[in-house]
Amino acid sequence: MSIWQTYFAQRVVFRIRESPLLSLPCPYSTRNIMRIPTDPSALLAVRGEIIHFIDDPAERGAGACVHFPDGLLLVRDGHVLNCGPTAELEPALPVDACRIDYSGKLILPGFIDTHIHCAQTEIIASHGEQLTVWLEKYAWPAEAHYADPAYAAAGAGFFCDQLLRHGTTTAMVFTTVHPVCTDALFEAAHVRRMRMIAGKVLMDRNGPESLRDTSAEGDAQSRALIEKWHGRERLAYAVTPRFAPTSTEEQMRRAGRLFGEIPGVYLQTHLAEQRAEVAWAMWLYPGTRSYLDIYERFGQLGTRSVFAHCIWLDDKDRHRMATRGAAISFCPTSNLFLGSGLFDLARAHDFGLRVGLGSDVGAGTSFSMLQTLNEAYKVLRLAGQTLTPEAGFYLATLGGARALHLDAHIGNFLPGREADFIVLDPRATKLLEARISHTTTLAERLFVLMMLGDDRCVAATYVMGDPAF
Ligand code: GUN
Ligand code: ZN
């Protein structure tokens, strides 16, 4: 039995076991519930230690972080109504409000993963090698399975559930070259009501035949997927050339045209991950000034372009990216795993670049944004920089939302934002409990969480105000 068949079988059992719950008016865990809402517009009041960011701590300092040690998050119709100290908000709560008490736990906006591959879950933590060998040996054979709609549906469901159990409520996702895989991913995100940006991989050269399209096919398939999914509730499409070396000039041209043509569509790709990859790209596209220049020449550098890695850039590249409003996805676990290099966050900040955090599973070694922050901290230490816990949690929430131009919708708890939030248990393990008992400040506790935390700390994940994990 493949892992997806096993998963499918378990889901069926799970669904059957779960099914009686579907007739209940409110699916919240009874453990924490004092009152169950009977209609979707009922007020939900979630109590706990609330932390969110209204700006970048690197720019705004302490004023960027909003912290209510004993707070209430008020949610109605899937959106944040307000948040503040319990002592202030509680007296005005209507008697029929649905109260959920997470006292002793932290409530934060859902994490945002700005770069991940849904069809590489199965090969996460495959041993060693540099990028191109790793792609050929592990990533591409795994992606080939997603030509099968049933396999893709099961894989996409498992992937979304992994995101949710790790506290990630929004992601920017590479699917595979197969439209059925993109359909499966959007479908899985849609039923879970997650915010998701995704796109079919464009790849018409330098890859295995089973994973190659043609420039005309890739263009037509992307257009059909945009028509079907882009702008549908919380979903958006990203034109997805895998990276310059696996697309012909014709495919790159069409991808740039499509990106420029349709309002709100994103573009995602890989850039300057490894030195050998940069040399390969420059050799394939002679006459270009830099690897970034290739994307720019084909109309792929703009607001809503998100480039993963960006390790081997020069300042001219950084300047071009900043002036065009492009964003970087910093993928530390992947960069260490493949030995790609150390991302220079301070230099990106010097140029005012938008930066989000990416897991880059399967080259990345964890779905957890906490574990991703752990490695980010170490990457920056090796580069003589530091990552304060505030800057780290900003990156994983509002920073990611800003990188994806979604900060009007998600990333913090300002009134009107979509109510994607997570509940973190800072005492989820014996070790955490011991360590947390020796902390005194919020910054210390956040730092412990980002160094020692993982999915075991995610006590609950809520999407649009509803429990999703
Ligand atoms: N560059 C091109 N494709 C990939 C991929 O799947 N993973 C990583 N890490 N880099 C890439
Ligand atoms: Zn990647």
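The values are calculated or read from the model by the stated rules, or taken from the named source; none is laboratory data. What you see is a predicted model; the values in this text were computed from it and never measured. Positions of Cβ are generated from backbone atoms using ideal geometry, with glycine treated the same way; all protein chains shown enter the neighbour counts. These accessible areas exclude ligands, DNA and RNA; they are computed on the full protein's heavy atoms, side chains included. Shrake-Rupley method; radii C 1.70, N 1.55, O 1.52, S 1.80 Å.
Within region 36-54, count every residue that is open to solvent by 30 Å² or more (accessible area, probe 1.4 Å) and modelled with pLDDT of 95 or more.
Taking region 36-54 as the starting set, the residues that turn out to be open to solvent by 30 Å² or more (accessible area, probe 1.4 Å) are 36, 38-41, 47, 54.
Now restrict to residues that are modelled with pLDDT of 95 or more: 47, 54.
Residues in region 36-54 being open to solvent by 30 Å² or more (accessible area, probe 1.4 Å) and modelled with pLDDT of 95 or more: 2 in total.
Residue by residue through region 443-467, note down the ones that are in contact with a Ser or Thr (Cβ under 9 Å, 6 or more places away or on another chain), among the hydrophobic types (A, V, I, L, M, F, W, C) and open to solvent by 40 Å² or more (accessible area, probe 1.4 Å).
Of everything in region 443-467, those that are in contact with a Ser or Thr (Cβ under 9 Å, 6 or more places away or on another chain), among the hydrophobic types (A, V, I, L, M, F, W, C) and open to solvent by 40 Å² or more (accessible area, probe 1.4 Å) turn out to be 447, 452.
Tell me which strands (runs of 3 or more DSSP E) are completely within region 182-291 and hold 3 or more residues being more than 16 Å from ligand 2 (Cβ to nearest atom), or say none if there are none. Full working, then the answer.
On the way: elements: 195-199, 235-241, 266-271.
Counting at least 3 such residues, we get 235-241.
Taking the criterion of being farther than 21 Å from residue 379 by Cβ, among the aromatic types (Phe, Trp, Tyr) and at pLDDT 95 or above, would at least one residue in region 296-314 satisfy it? Show your work before the answer.
Pass one, region 296-314, residues farther than 21 Å from residue 379 by Cβ: 296-305.
Next, from what is left, pick out any that are among the aromatic types (Phe, Trp, Tyr): 298.
Right, trim to at pLDDT 95 or above and you get 298.
For region 296-314, residues farther than 21 Å from residue 379 by Cβ, among the aromatic types (Phe, Trp, Tyr) and at pLDDT 95 or above: present.
In region 123-148, what residues are buried (at least 19 other Cβ atoms within 10 Å of the Cβ) and either modelled with pLDDT under 95 or among the acidic types (Asp, Glu) (or both)?
143
Would you check if there is a residue in region 398-416 being within 30 Å of residue 142 (Cα to Cα) and either more than 12 Å from the chain's Cα centre (by Cα) or more than 16 Å from ligand 2 (Cβ to nearest atom) (or both)? Let's see the steps before the verdict.
So in region 398-416, the residues within 30 Å of residue 142 (Cα to Cα) come out as 400-401, 403-404.
Subsequent filtering for residues that are either more than 12 Å from the chain's Cα centre (by Cα) or more than 16 Å from ligand 2 (Cβ to nearest atom) (or both) retains 401.
Within region 398-416, one or more residues are within 30 Å of residue 142 (Cα to Cα) and either more than 12 Å from the chain's Cα centre (by Cα) or more than 16 Å from ligand 2 (Cβ to nearest atom) (or both).
Failed condition for residue 158, given (1) within 12 Å of ligand 1 (Cβ to nearest atom); (2) open to solvent by 40 Å² or more (accessible area, probe 1.4 Å), with all others met?
Just one mismatch for residue 158, condition (1).
List pairs: first in region 259-279 and on the phi > 0 side of the Ramachandran plot, second open to solvent by 60 Å² or more (accessible area, probe 1.4 Å) and in a loop (DSSP other than H, G, I, E, B), Cβ under 6 Å, 6+ apart or cross-chain?
272/312
If I ask for residues that are farther than 28 Å from residue 236 by Cα, open to solvent by 60 Å² or more (accessible area, probe 1.4 Å) and not acidic (Asp, Glu), which ones from region 404-442 would you list?
Listed by number, the residues that qualify are 427, 430, 431, 435, 437, 438, 440, 441.
Would you be able to say whether some residue in region 438-451 is touching a residue at least 12 places away in the same chain (Cβ under 8 Å) and on the phi > 0 side of the Ramachandran plot?
no
Taking the condition more than 20 Å from the chain's Cα centre (by Cα) and either touching a residue at least 40 places away in the same chain (Cβ under 8 Å) or within 16 Å of ligand 2 (Cβ to nearest atom) (or both), does residue 337 pass?
On the way: more than 20 Å from the chain's Cα centre (by Cα): no; either touching a residue at least 40 places away in the same chain (Cβ under 8 Å) or within 16 Å of ligand 2 (Cβ to nearest atom) (or both): yes.
When the stated conditions are applied, residue 337 does not pass them.
Which one of 234, 275, 242 is within 16 Å of ligand 1 (Cβ to nearest atom) and open to solvent by 10 Å² or more (accessible area, probe 1.4 Å)?
Working: 234 fails: within 16 Å of ligand 1 (Cβ to nearest atom); 242 fails: open to solvent by 10 Å² or more (accessible area, probe 1.4 Å).
Exactly one of 234, 275, 242 is within 16 Å of ligand 1 (Cβ to nearest atom) and open to solvent by 10 Å² or more (accessible area, probe 1.4 Å), namely 275.
Give 98, 26 a once-over and let me know the one that is surrounded by 13 or more Cβ atoms within 10 Å (Cβ to Cβ), at pLDDT below 95 and touching a Pro at 6+ places or on another chain (Cβ under 7 Å). Before you say what the answer is, go through the steps one by one.
Working: 98 fails: at pLDDT below 95.
Within the list 98, 26, the selection yields 26.
Only one of 128, 104 is in a loop (DSSP other than H, G, I, E, B), away from ligand 2 (no atom under 16 Å from the Cβ) and not aliphatic (A, V, I, L, M); which? It would help to see each step written out before you state the result.
On the way: 104 fails: in a loop (DSSP other than H, G, I, E, B).
128 is the lone residue from the list that is in a loop (DSSP other than H, G, I, E, B), away from ligand 2 (no atom under 16 Å from the Cβ) and not aliphatic (A, V, I, L, M).
Given (1) surrounded by 20 or more Cβ atoms within 10 Å (Cβ to Cβ); (2) within 25 Å of the chain's Cα centre (by Cα), where does residue 187 come up short, assuming only one miss?
(1)
Which of the residues spanning region 447-469 are within 13 Å of residue 431 (Cα to Cα) and among the hydrophobic types (A, V, I, L, M, F, W, C)?
Of region 447-469, the ones within 13 Å of residue 431 (Cα to Cα) are 448-449, 451-454, 456-457.
If the condition is that a residue be within 13 Å of residue 431 (Cα to Cα) and among the hydrophobic types (A, V, I, L, M, F, W, C), then 448, 449, 451, 452, 457 are the ones that fit.
Residue by residue through region 278-317, note down the ones that are among the β-branched types (Val, Ile, Thr) and either touching a strand residue (DSSP E or B) at 6+ places or on another chain (Cβ under 8 Å) or crowded, with 16+ Cβ neighbours inside 10 Å (or both).
Taking region 278-317 first, the residues among the β-branched types (Val, Ile, Thr) are 278, 288, 294, 303, 306, 311.
If the condition is that a residue be among the β-branched types (Val, Ile, Thr) and either touching a strand residue (DSSP E or B) at 6+ places or on another chain (Cβ under 8 Å) or crowded, with 16+ Cβ neighbours inside 10 Å (or both), then 278, 288, 294, 306, 311 are the ones that fit.
Can you tell me which residue in region 245-257 is nearest to ligand 1 (Cβ to nearest atom), limited to those that are open to solvent by 40 Å² or more (accessible area, probe 1.4 Å) and within 18 Å of residue 304 (Cβ to Cβ)?
Looking at residues that are open to solvent by 40 Å² or more (accessible area, probe 1.4 Å) and within 18 Å of residue 304 (Cβ to Cβ), I get 254.
Which members of region 363-382 meet the condition of being surrounded by fewer than 22 Cβ atoms within 10 Å (Cβ to Cβ) and closer than 16 Å to residue 121 by Cα?
Once the filter is applied, which keeps residues that are surrounded by fewer than 22 Cβ atoms within 10 Å (Cβ to Cβ) and closer than 16 Å to residue 121 by Cα, region 363-382 yields 365, 366.
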